[in-house]
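Everything below concerns the one structure shown next.
Derivation of every value follows stated rules applied to the coordinates shown; laboratory data play no part. Worth saying up front: this structure is predicted, and the values here are computed from it rather than measured. FYI the Cβ positions are ideal-geometry reconstructions off the backbone, even for glycines, and counts take in every protein chain you see.
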Amino acid sequence: MIKAERLYALYKGDELIADGIMREIADKTSKTFNHIYFMSSPAYQRRIEKRRVKRGITNSLELIEIEEE
C-alpha cells in the first residue's frame, strides 16, 4: 500500500489529535501534507527521540501508523 494511503494517528503526548490517512490529518490539523509526510520518516522519529532523551520533552507531535488486520 502507498505510504500516503495508510492509516495513521497523530498524538501530542498521550492525547489523540487526529486519525486517518495523511491528507485527512493534514486537513484536520491545518498542517501541510508535506509536514505530515515528514513526520512519518525515520529522521523525524530520531528528532523526537533526541528531544525525549536530552531535554525530557514528552509532548511532541508523533505520527503512528495504525496496523490493519
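The charge dipole of the chain, taken about its Cα centre with unit charges on the Cβ of Lys, Arg, Asp and Glu (plus for the first two, minus for the last two), comes to roughly 700 debye. With neighbour counts taken as other beta-carbon atoms within 10 Å, the residues ILE48, ILE2, ILE25 rank, fewest first, as ILE2, ILE48, ILE25.
The sum of -39500 (n - 2.57) across all DSSP H runs of n ≥ 4, divided by the residue count of the chain, sets its helix-only mean residue ellipticity at 222 nm to -12000 deg cm²/dmol.
Once the Cα atoms are used to define both axes, helix 42-55 deviates from the longest principal axis of the chain by about 30 degrees. Say a paramagnetic label sat at a point 7 Å from the Cα of ALA4, along Cα to Cβ; which residues of the stretch 29-69 have their backbone N under 12 Å from it? Under 12 Å, as judged by backbone N against the label point of ALA4, lie 33-38 of the stretch 29-69.
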